[in-house]
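The values are calculated or read from the model by the stated rules, or taken from the named source; none is laboratory data. The structure displayed is predicted, hence computed values, not measured ones. Ideal geometry is used to build each Cβ from the backbone, glycine not excepted, and the neighbour counts take in all protein chains shown.
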Amino acid sequence: MTDSIVQTQSQGQVQRTLSQQIQKLYKSHIGHAPGKVTCQITNNTITFLAEDSLTKLERLLLKEDKRDDGKSTQVNVEQVRDDLDKALRPALIEIVQTTLNLEVVDILSDTTLATGRTAIVVVLSDTPHFKSNDL
């Protein structure tokens, strides 16, 4: 990866592109596109927020609430979501590295089951440089 490449798009354009690509990733890999994905790039960090990110299966398990043995299904849904996040990680890294031409150093993600929101934080090797909005 080359660290100091100036993007040919503005920051806003890159953020929209990344949001759309993450939405497509969810749809193609797990069959569910989040209702809305927002992206914010600040210094060497990208933050994604995906609304309505739970799959039909996850929502069904949460609706059932209790297993036959009386234990909550939330722990099972949390494990499913953790496994999905791990499975999506290589494709997410590829999207970010290809789009920004920067190395991904770390990814952190978490989903709040009660709201269906997923947050993903991507730490980059360097701060991306964007095309100026000047005319």
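Details
- The numbered conditions (1) under 17 Å from residue 15 (Cα atoms); (2) modelled with pLDDT under 95; (3) among the β-branched types (Val, Ile, Thr) are all true for residue 112 except (1).
- Single residue of segment 1-36 satisfying the filter (outside any loop (DSSP other than H, G, I, E, B) and farther than 30 Å from residue 113 by Cβ) that is modelled with the lowest pLDDT: 6
- Residue satisfying all of: in segment 80-135; of a type in the set (Asp, Glu) and assigned to a loop (DSSP other than H, G, I, E, B); nearest to residue 57 (Cα to Cα) among these: 103
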